[in-house]
């Protein structure tokens, strides 16, 4: 065993991330079956453990766990009671895919969505004007309504 | 020799020469600066590098940024990219979230990621596949009408394509040729580099982050700071070379290693090692040479109810500086720890590692039941220098940057409404201010403009190249 | 066999001896030529070394020869780095210090005087940060708080092409020696103020009630750099590295300094090529660093994202991180499929679990999906399982066989001894007239065909050049200088 805990009871791999656990002593818990393990890590090597500690409380949870024998089914970071939270994200929602934005935060149009209608000239050369009114009339319409509703501002 | 007749001339005397000048001298300084730099009116003024044309055969951040500086200063920059694909930064975006479309009509679902931002403003964009034999003559024609070039390919690659300094100086002796890369000539010449590798390899990472004894590890400078920082130093070299060329008419070649630039900013670390054998270590959020001059953690967030975790959990840090004796004394009085001043009343005493540990601990204990803004305000009111550690939202909303025009909204001709943080922020200039005209162009947007309008190739030729994938 | 000397260590002072450099000789040109030959670049490599090599720099002219620069700044690196860059490229830089000296002369790590060096003329100990940035600069003293000192300053300023200044906002203007006054009698002057936040605007530079200046990392704090740097509290506990973290150096000042140099040189080009007139420039640490924080503020304008810290990892790329290994930390980079699978192959050889858990995981097959945070946790946990049994040198060698970019985190002593770095060289020694033999970081502009940057001397005792500079520009004799000194003017 090393800095994953491959729980033999439920065949779940608990990942002990390298920075937190590089030099660490304490108890952690399998994300799937909840078995509490004592470990003592020195310079990334598990010097003692994992030893089962039934009935004891864990000090910390793993960040991530998965089950390679079940199609890599996984526990994402921040799954309550199973993995520890991950708060260092830029927003409360994590997308991981393109955010199809049509308006900047001050309410003016920006081409953040796909597909865009073809708009280039010869050989892919592009002029100096985004003719939004012609190319994306629906967005233009929405923009006019936003202006009326006072949702467009200078900042 | 006839004696020169001397008269006292008004022009020779110091002081204002006219009513208008007199008025100007009386304006309060702040108002004077505001008027002189006139944010928002940059386009009424000339550009310092007008007439300079530069080729940017660059990728990633380091070398594109060296040319972006020129483009912001008014040079005409032509960026050359691989046809259809573009350079890798077009495909880089934080958490895969942020793209602007289109990149090219042939790929409607592919956008250009924000990774491309700031390194490519004001550049014209053309495509060219150097591998193809037809490309060579086109490249030479571009060289003949340009002042210089920046490239970042592995050493010897441009040479193999007969595009290196050895060849181009023959056809344009005024040409300034820049190679920027990780290592430069030497045993690791072919080692690839990234920003993070530069930080690691150069010794910078070993001095950043919390000390091992406190459980810390070396922290990466956020973003690709060293790539950007090194790129600007290339610009310094380019401008000096332009200055030399003005006098002599001669171009040059500059070979610039990004990793080396990161070693350059290590300050005392280098001589300290050699002279005394002391190897500088990390010292976290405190300063090795000044105390108090560090960042402390406060107990409460300024925005406990916000959803964004960056506001909810992390708006808790304050930069505090009180290293001079009177300032430190004042600080100790504010936190009710006058004993600390009695114990450490000289700067030398305060700087000892044990003293720093005790002092910052006392500060954090005092701040444990306070919010960040309470701490900053209490200290500022007492006349001590303190400031919250600001996040992106606070920087955006900061009135200071808005008034100075260093953060502003740009109506990009291609992509619409974009918030711009670069260009205007790297220095205000009263006569020839920098400016951002557009954030970037779509891939090959200026093929016709450059190949046809500028170089004079017929459209049928362009069409043929386009079909063959040369442009 | 190398001779092993017995060294008796009775106190830390016994270890504080000058270190030999290089300890082992750098690779020879022949050995390096073989490296070039492997990539069929032998001829090109030779051309570069013959024409741009370090050993030729002192044979060549200097790009900014004749440019006269006054650096009237104290306390900070911003102005000092700007004038260093100009001085390395051949400008004549005169550092104007108060008679008590730039306070930076007194700065030394942990207040330890034993880390300072005394010059052989005055015997005054001087801090190493100051010496390191005092390259090719002259030092004169002048008390600008006296009216007489300001009159002298004006006469000096009449000769200057460039003035770099960093006093608190409006101070020089109040004294009658700011841009507004100097440009009247020297319209060609390029005047650059380098500060932390600004000399005007609602959050401009402040001094404390007792007159203490604002220094970096205030610049780093004010532009979101610190907020974005360091380990997340989810990867390390708060207070033990899981906090927003400042740079180990005054990085915002360095960035401001180089942008100041860029703006000054652009203004110089414009003056000499077109207008004949100088201008006023203002560069701040906070804004210059903000300029290069990728897209962070723009990202907020897109969808209200606030960049978070990611420690030694990068949120945009996988793999692209450093992680701990047997004897330190190792950086590995390669995110495209081609490179990513090469890393997999290399590690699997020794750690079959890596193949089972990483290479075979369907979630990690696609480049964009690999950048998700959970993918980083998984990838780097397993990568570190391999790294912990390997030293940095072993890792670098193994990954280089697969053509993967890899680099160790090196401490400064290791940087000085790294073969590539001592071959070019990266750091070099200079025998200084005043401070003895010093190691310095070689200017990265030193590798040029025509006008390479160079270091001619390091550090300068306070007021060392008073006689020369005041004599040359103002015609003041030594007797007059003595009187001025007695009056406290210089």
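Values for this structure:
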| quantity | calculated |
| --- | --- |
| Residue ranges of helices (runs of 4 or more DSSP H) in the range B:134-213 with at least 1 members under 28 Å from residue C:336 (Cα atoms) | B:135-144, B:157-160, B:195-201 |
| Residue match in the range C:192-199 (condition: in a loop (DSSP other than H, G, I, E, B), under 29 Å from residue C:151 (Cβ atoms), more than 7 Å from every other protein chain (Cβ to nearest Cβ) and in contact (Cβ under 8 Å) with a residue 12 or more places away in the chain) | no |
| Residue match in the range C:181-188 (condition: more than 7 Å from chain B (Cβ to nearest Cβ), in contact with a strand residue (DSSP E or B) (Cβ under 7 Å, 6 or more places away or on another chain), in a loop (DSSP other than H, G, I, E, B) and under 18 Å from residue B:29 (Cα atoms)) | no |
| Failed item in (1) over 27 Å from residue C:226 (Cβ atoms); (2) at the interface with chain C (Cβ under 7 Å from one of its Cβ atoms); (3) buried (at least 24 other Cβ atoms within 10 Å of the Cβ), with residue B:220 passing the rest | (1) |
| Members of the range A:109-128 found to be under 24 Å from residue B:308 (Cα atoms) and surrounded by fewer than 18 Cβ atoms within 10 Å (Cβ to Cβ), listed by number | A:113 |
| Cβ pairs under 6 Å, 6+ apart, first in the range B:391-414 and in contact (Cβ under 8 Å) with a residue 40 or more places away in the chain, second surrounded by fewer than 21 Cβ atoms within 10 Å (Cβ to Cβ) | B:404/B:39; B:405/B:39; B:405/B:40 |
| Breaking point among (1) farther than 24 Å from residue B:220 by Cα; (2) in contact (Cβ under 8 Å) with a residue 40 or more places away in the chain, for residue C:475 | (2) |
| Enumerated strands (runs of 3 or more DSSP E) restricted to the range B:356-471, each holding at least 2 residues that are at the interface with chain C (Cβ under 8 Å from one of its Cβ atoms) and more than 22 Å from the chain's Cα centre (by Cα) | B:385-388 |
| Yes/no for residue C:403 being surrounded by fewer than 23 Cβ atoms within 10 Å (Cβ to Cβ), in a loop (DSSP other than H, G, I, E, B) and within 34 Å of the chain's Cα centre (by Cα) | yes |
| Residue within the range A:91-99 that is in contact (Cβ under 8 Å) with a residue 12 or more places away in the chain and out of contact with any helix residue (DSSP H, G or I) (no Cβ under 6 Å at 6 or more places or on another chain) present | yes |
| Residue that is farthest from residue B:261 (Cα to Cα) [pool: residues in the range C:444-460 that are within 7 Å of another protein chain (Cβ to nearest Cβ) and surrounded by 24 or more Cβ atoms within 10 Å (Cβ to Cβ)] | C:451 |
| Verdict on residue C:176 being surrounded by fewer than 24 Cβ atoms within 10 Å (Cβ to Cβ), within 8 Å of chain B (Cβ to nearest Cβ) and on the phi > 0 side of the Ramachandran plot | no |
| Hits in the range A:54-91 - residues which are surrounded by fewer than 17 Cβ atoms within 10 Å (Cβ to Cβ), farther than 27 Å from residue C:238 by Cα and either modelled with pLDDT of 95 or more or more than 9 Å from every other protein chain (Cβ to nearest Cβ) (or both) | A:54, A:55, A:69, A:70, A:73 |
| Residues (out of contact with any strand residue (DSSP E or B) (no Cβ under 7 Å at 6 or more places or on another chain) and more than 11 Å from every other protein chain (Cβ to nearest Cβ)) located in the range B:144-161 | B:144, B:153, B:161 |
| Filter pass, residue A:105 being at pLDDT 95 or above and either surrounded by fewer than 15 Cβ atoms within 10 Å (Cβ to Cβ) or assigned by TED's automatic domain parsing to the domain that holds residue A:138 (or both) | yes |
| Residue match in the range C:314-326 (condition: in a loop (DSSP other than H, G, I, E, B), more than 34 Å from the chain's Cα centre (by Cα) and either over 23 Å from residue A:72 (Cα atoms) or in the same structural domain as residue C:381 (by TED's automatic domain parsing) (or both)) | no |
| Residue check for residue C:268: touching a helix residue (DSSP H, G or I) at 6+ places or on another chain (Cβ under 8 Å) and farther than 25 Å from residue C:109 by Cβ | yes |
| Test: residue in the range A:107-129 that is assigned to a loop (DSSP other than H, G, I, E, B), in contact (Cβ under 8 Å) with a residue 40 or more places away in the chain and facing chain B (nearest Cβ under 8 Å) | yes |
| Check on residue B:341, in a helix (DSSP H, G or I), over 20 Å from residue C:239 (Cα atoms) and either touching a helix residue (DSSP H, G or I) at 6+ places or on another chain (Cβ under 6 Å) or not assigned by TED's automatic domain parsing to the domain that holds residue B:116 (or both) | yes |
| Verdict on residue C:132 being at the interface with another protein chain (Cβ under 9 Å from one of its Cβ atoms), touching a residue at least 40 places away in the same chain (Cβ under 8 Å) and not in a strand (DSSP E or B) | yes |
| Residue list for the range C:229-264, filter: touching a residue at least 24 places away in the same chain (Cβ under 8 Å), at the interface with another protein chain (Cβ under 7 Å from one of its Cβ atoms) and under 22 Å from residue C:165 (Cβ atoms) | C:251, C:254, C:255, C:258, C:259, C:260, C:261, C:263 |
| Residue that is surrounded by the fewest Cβ atoms within 10 Å (Cβ to Cβ), among those in the range C:413-426 that are facing chain B (nearest Cβ under 8 Å) and in contact (Cβ under 8 Å) with a residue 24 or more places away in the chain | C:419 |
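Yes/no per residue for (1) crowded, with 20+ Cβ neighbours inside 10 Å; (2) touching a strand residue (DSSP E or B) at 6+ places or on another chain (Cβ under 9 Å):
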residue	(1), (2)
B:347	no, no
B:373	no, yes
B:387	yes, yes
B:390	yes, no
B:414	yes, yes
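The values are calculated or read from the model by the stated rules, or taken from the named source; none is laboratory data. From a predicted model like this one, the values you see are computed outputs, not experimental measurements. For neighbour counting, all protein chains shown are included, and Cβ atoms are generated from backbone atoms with ideal geometry for every residue, glycine included.
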